[in-house]
1. Which of (1) away from every other protein chain (no Cβ under 14 Å); (2) loosely packed, with under 15 Cβ neighbours inside 10 Å; (3) over 19 Å from B:Ala224 (Cα atoms) is the odd one out, the single condition B:Ser114 does not satisfy?
2. Checking the condition farther than 27 Å from A:Ala432 by Cα and surrounded by 19 or more Cβ atoms within 10 Å (Cβ to Cβ), which residue from A:Leu281, A:Leu286, A:Leu257 passes?
3. Based on what the data block shows, is A:Ile453 hydrophobic (A, V, I, L, M, F, W, C) and open to solvent by 20 Å² or more (accessible area, probe 1.4 Å)?
4. Does A:Ile448 satisfy the criteria of being away from chain B (no Cβ under 14 Å) and either more than 16 Å from ligand 2 (Cβ to nearest atom) or at pLDDT below 90 (or both)?
5. Among (1) in contact with a strand residue (DSSP E or B) (Cβ under 9 Å, 6 or more places away or on another chain); (2) surrounded by fewer than 21 Cβ atoms within 10 Å (Cβ to Cβ), where does A:Tyr378 come up short?
6. Does A:Leu151 qualify as being away from ligand 4 (no atom under 16 Å from the Cβ) and surrounded by fewer than 22 Cβ atoms within 10 Å (Cβ to Cβ)?
7. Among the residues of segment A:272-280, is there at least one that is free of Cβ contacts under 8 Å to residues at least 24 places away in the same chain and assigned to a strand (DSSP E or B)?
8. Filter segment A:149-170 down to the residues that are in contact with a helix residue (DSSP H, G or I) (Cβ under 9 Å, 6 or more places away or on another chain) and more than 23 Å from A:Lys41 (Cβ to Cβ), then identify the one that is farthest from ligand 1 (Cβ to nearest atom).
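The values are calculated or read from the model by the stated rules, or taken from the named source; none is laboratory data. Treat the numbers as computed from the prediction; the structure is a model and nothing was measured. Because the Cβ atoms are built from the backbone with ideal geometry, glycine has one as well, and the counts that use them run over all protein chains shown. Heads up: the accessible areas ignore ligands, DNA and RNA and are worked out on the full protein's heavy atoms, side chains in. Shrake-Rupley method; radii C 1.70, N 1.55, O 1.52, S 1.80 Å.
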Amino acid sequence: MLLEMRNITKKYPGVIALYKVDFELRAGEVMALIGQNGAGKTTLVKILAGAVRPSEGEIFLKGKRISIKSPEVAYSLGFSFIYQEGGLINGLSGIENIFIGRHYPKRRGIINWRELTKNGEELKKRFNIEVELKKPVEHLSPLERKKIEILKALSREPKILVLDEPTASLTKRETDQLFNIIKSLKKHGIGIIYISHFLDEVFKVADRITILRDGKRVAMLPLEKATKDMLIMYELGEEIKTFKNIGSQQFQKEKALEVINLSTSSGLKNINFTLHRGEILGIFGLGGQGKTRLAMTLMGNEAILDGEIKIYGVKVNISSPMGALKKGIVLIPQDRTKHGIIEELSIAQNLTLPILSKIVYKKLPLVLNLKEEKKLTYKIMRELNIKAKNHRILIKNLSGGNKQKVVIGKGILKKACIFIFDEPTQGLDIKAREEVYEHLIRLSNKGISQIVISSDIDELFKITHRIMVMKDGTIKNILPTKETTSHEILSISYGGNNEHI
Amino acid sequence: MNIFKKYGTLIALVFIYIGFSLFAPKTFPTSRNLINILLQISLLTIISQGATLIVIIKDFDLSIAAISSLGGVLAAGLMVNGVNIYIAILITLIIGVIMGIVNGLIVSKLNISSFIATLATSTIIGGITFWYTQGSTIFSGIPDSFLIFGQGKIWGIPIPTIFMFLILIITWFVLSYTELGRKFYAIGGGPEVARLSGINVDKTRVIAFAISGLFAAFTGILLASRLGSAHPTAGGGYLLKSYAAVFLGMTVFGEGKANAFGTFVGALIMGILANGLTILDVPYYFQDMLTGVIIIIALVAKGVKI
Ligand SMILES: Nc1ncnc2c1ncn2[C@@H]1O[C@H](COP(=O)(O)OP(=O)(O)OP(=O)(O)O)[C@@H](O)[C@H]1O
Ligand SMILES: Nc1ncnc2c1ncn2[C@@H]1O[C@H](COP(=O)(O)OP(=O)(O)OP(=O)(O)O)[C@@H](O)[C@H]1O
Ligand SMILES: [Mg+2]
Ligand SMILES: [Mg+2]
């Protein structure tokens, strides 16, 4: 056995994140780790990373008991990690991030950039990963950042590689690329722990599966013995009710949002589309094609160079997020740490950030009605199933999926006529995802228009009326969902050239 | 264990108090001395409440000492020249607010780091103060009716102490229960998120600097009244001490954030140390050294990141 964890318990004040969990990993296998949001997956991984000390339990590496006191120890023992969030240092370029913490090659005491770049390029070639290494990482799209993180992890020649939801907001092809890398690593005898909420991925890549529920291990089984329904049963403790497809519902003719010939300083060119009342318009595109930039532009966060925007027939001038909110546009952003939530504030304080002026006392303007705030917060926590002890828990103490639920909750608490969801289901478990779909459909039936950006093409086919494809900062095509196929959408996104699919 | 981590600073405060009481049982733990300590920290606490807001929004305002010095000489100067004392006070407070607004505008509109911007305005304000006073202290001609603010008492409690508690409670209320206070914490935690949530970040920052300027000018006025004179560098000592109080205060309650009562406790710890060590005849430079050491211990023990 390469790695064994026995009886691991981790208690946080008021929360038992893990309770007497056993876990094991063989050399050359992929062990999938699955479970609902807040089940304890990331906590287990953080223990291996030396970022969190277990309250109880033992860890063995190749039969020898080890104690992982710090991240340095973890790395020196051969662990490498791709974290759920925030694994890169902003301000540094990709190449600097990849080799950080180790000796950069030097010549006469000065960093030898040519050598460093060469090492980076070799690494890219070896694992067949294409990404720009010179840009500061904060300018990269999430996919590009994920690729940098993968290169960083691989460059350490790990014996055990841990991937915590690496495919959130990756498209299928990119996911497949990742799986090819994983397969080649297996051949080198590397043990891999793979966390994901996508069961399809688990069936593609895993050899064995460990399932956590409420901090306890409820099952461990080889892939051959698993079925999808069974895994869902283990994960949720109940069967899942899938919501009904939007299919028959039609949106209305009235134009909610018209974007005409829009060009921006962020490189968007000639954007033309219309969003109707009650319509759900999907946007698909590969990484870095301008989806998020378009969302940010409509939110008033990018300078518009040319073109116009009309809301319900009226030409508007959106020059700041405040202005966009006033016009009834609400964005649920993709990058939750940068744009969505404030880690140091509580759930309640985050949720009400955009509606502060709505929750003041009528007779005492400027003074917050904290009772009202609490009531609203509990309503959202119930609706979206946010797992936390109470509304005062700080965001930084929530699991990744629960943070994402707060981002969504914060958006939908605000009244709007147009919602823009940028990768809304990233990090959500199976059940939560279905709940979000249901919510979007409900909004649509109420006549609220939505733009849903997603790299999960199946998701778009489930909920949208039309799908718009973006490439190179412009719109390639807009197709009614019922009249197209994922094959067609993908081939447009790759530039009408099917050979890569 | 957890209790120590959470309330370590308060526990330390109690121990320091008990310690001095044991060493100087006759002089230290008396109600007269307690009132004395509170008076000694009153002005520091008032000016530090402004610094608390500034630290919450993750900025610095290095001009508070300069503004308070100017506040003192301006108020005194106006009165000496025959301006009604209330009008003189009002004008001084308005000037304090204006200086704060200027700081805020430079920081938010011109996008200059607040550390550098207020370092510069601090120097400018210091220059104006010397120009106005020609470097000399104002003492003759200050009306007696003005001295009551710094030297008077109501029911045995010094008036500066009453002002301190008033401002403390207002700041605490604003920070905990109002839209404005919430916006301060939001901007400190994530300015980009706050902006995307529709908060006017620039305006809110300007308001914080304006309040900081207001409290600094008010502190200067009280100081002039208490001393009966106004010196162009009278407020100089407040800069480091007020930020020390704020940082110490961040360790007082649960979450490691700057807050009104925390700052008060921070100032109180420094006041008790100064008072107790003076009673025990420990030289003042040793007091300063001890204060510095305590701040570092408190921040490290609590793991507060600034
Ligand atoms: N620092 C912390 N303080 C308090 N509670 C915490 C902390 N970190 C995690 N928790 C709690 O521990 C539980 C497990 O969290 P964990 O992040 O391991 O979940 P997860 O399985 O990774 O979920 P997700 O799929 O949402 O990422 C959650 O209830 C979470 O709120
Ligand atoms: N002014 C500009 N001109 C051209 N490209 C730019 C400009 N500004 C940013 N970019 C690039 O745009 C990319 C990010 O675009 P965006 O975030 O809109 O992608 P996306 O389609 O949302 O991708 P993902 O699916 O990964 O979220 C980055 O590669 C960034 O370097
Ligand atoms: Mg997680
Ligand atoms: Mg994006």
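1. Every condition holds for B:Ser114 apart from (2).
2. Details: A:Leu281 fails: farther than 27 Å from A:Ala432 by Cα; A:Leu286 fails: farther than 27 Å from A:Ala432 by Cα.
Of A:Leu281, A:Leu286, A:Leu257, the one residue that is farther than 27 Å from A:Ala432 by Cα and surrounded by 19 or more Cβ atoms within 10 Å (Cβ to Cβ) is A:Leu257.
3. Values: hydrophobic (A, V, I, L, M, F, W, C): yes; open to solvent by 20 Å² or more (accessible area, probe 1.4 Å): no.
For A:Ile453, the condition - hydrophobic (A, V, I, L, M, F, W, C) and open to solvent by 20 Å² or more (accessible area, probe 1.4 Å) - is not met.
4. Details: away from chain B (no Cβ under 14 Å): yes; either more than 16 Å from ligand 2 (Cβ to nearest atom) or at pLDDT below 90 (or both): yes.
The answer is yes for A:Ile448.
5. (1)
6. Working: away from ligand 4 (no atom under 16 Å from the Cβ): yes; surrounded by fewer than 22 Cβ atoms within 10 Å (Cβ to Cβ): no.
For A:Leu151, the condition - away from ligand 4 (no atom under 16 Å from the Cβ) and surrounded by fewer than 22 Cβ atoms within 10 Å (Cβ to Cβ) - is not met.
7. Taking segment A:272-280 as the starting set, the residues that turn out to be free of Cβ contacts under 8 Å to residues at least 24 places away in the same chain are A:274.
From what's left, assigned to a strand (DSSP E or B): A:274.
There is at least one residue in segment A:272-280 that is free of Cβ contacts under 8 Å to residues at least 24 places away in the same chain and assigned to a strand (DSSP E or B).
8. Applying the filter and picking the extreme gives A:Ser155.
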